[in-house]
Amino acid sequence: MKALPSLVSVALAGATLLTLAPEAQANIKNPNDHPRYFAELEPHGDLVFLHRDYGLRRYGARYYDGLGDPEFGLGFRASIELADPAFIPKLNNTVAISFGLDFTNCRYCRDDFTIWSPVTMQWNFFFNDQWSAFADLGAVLRTDGFYRDVWFDFATMVGGRYHFNDNMSLTMRIGYPFFSVGVSFFVG
């Protein structure tokens, strides 16, 4: 349980340093001063380090632990821009709807894997030409195996991007239910 506060602290400290850096002030106050895109496409690797029981004990998972049994996998997420600038018109921010599909291994699931289907609102902030950050808030459907049992849950994550150029970035997000690292492609 001590790992979660440490990971969250690192993510928040990184986001704080970005916002306080002098060069980060260069673009954040200029609305629309970011790469033009219609959609962000992101293949990524997943780590699920915190999840709920969802009745897995009734399927014989006597030793299932929500924090001690991590799941690893792969996923894909697409984010479609809805507003630019978004909620704060004087800042360089956008809002997108983000949805995806993730597959992770699950030692205690019936079919040894879990399917996740997140749908979130993503609020993006572009600090300068190289750095941007975002927050995701929404819901996720989770199933073990072939949609025999489906659970509905919330999803909340924060993340950051290092932009290699206007079309590609390294993307990391942390929160519930995922920690993911991938590459984002900005299209349109």
Of every hundred units of 1.4 Å-probe accessible area on the range 108-180, the number belonging to carbon and sulfur atoms, as a percent, is 66
Ordering I80, I115 by the accessible surface of their heavy atoms, 1.4 Å probe, largest first, yields I80, I115
For F72, F146, the accessible-area ranking with a 1.4 Å probe, largest leading, is F146, F72
The equivalent-ellipsoid semi-axes of the range 93-188, taken as the square roots of five times the Cα gyration tensor eigenvalues and listed largest first in whole Å, are 28, 14, 11
With label points set 7 Å from each Cα along the Cα-to-Cβ direction at F87 and D129, the distance between them in nm comes to 3.0
From highest to lowest solvent-accessible area (probe 1.4 Å; ligands, DNA and RNA excluded), M157, M121 read M121, M157
Heavy-atom accessible area of F38, protein chains in place, probe 1.4 angstrom, given in Å² to nearest 10, is 120
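The values are calculated or read from the model by the stated rules, or taken from the named source; none is laboratory data. Remember, predicted model here, so these are calculated numbers, not experimental data. Note that each Cβ is placed from the backbone with ideal geometry, even for glycine, and that neighbours are counted across all protein chains shown. Side chains are part of the model used for accessible areas, which takes the heavy atoms of the whole protein and leaves out ligands, DNA and RNA. Shrake-Rupley method; radii C 1.70, N 1.55, O 1.52, S 1.80 Å.
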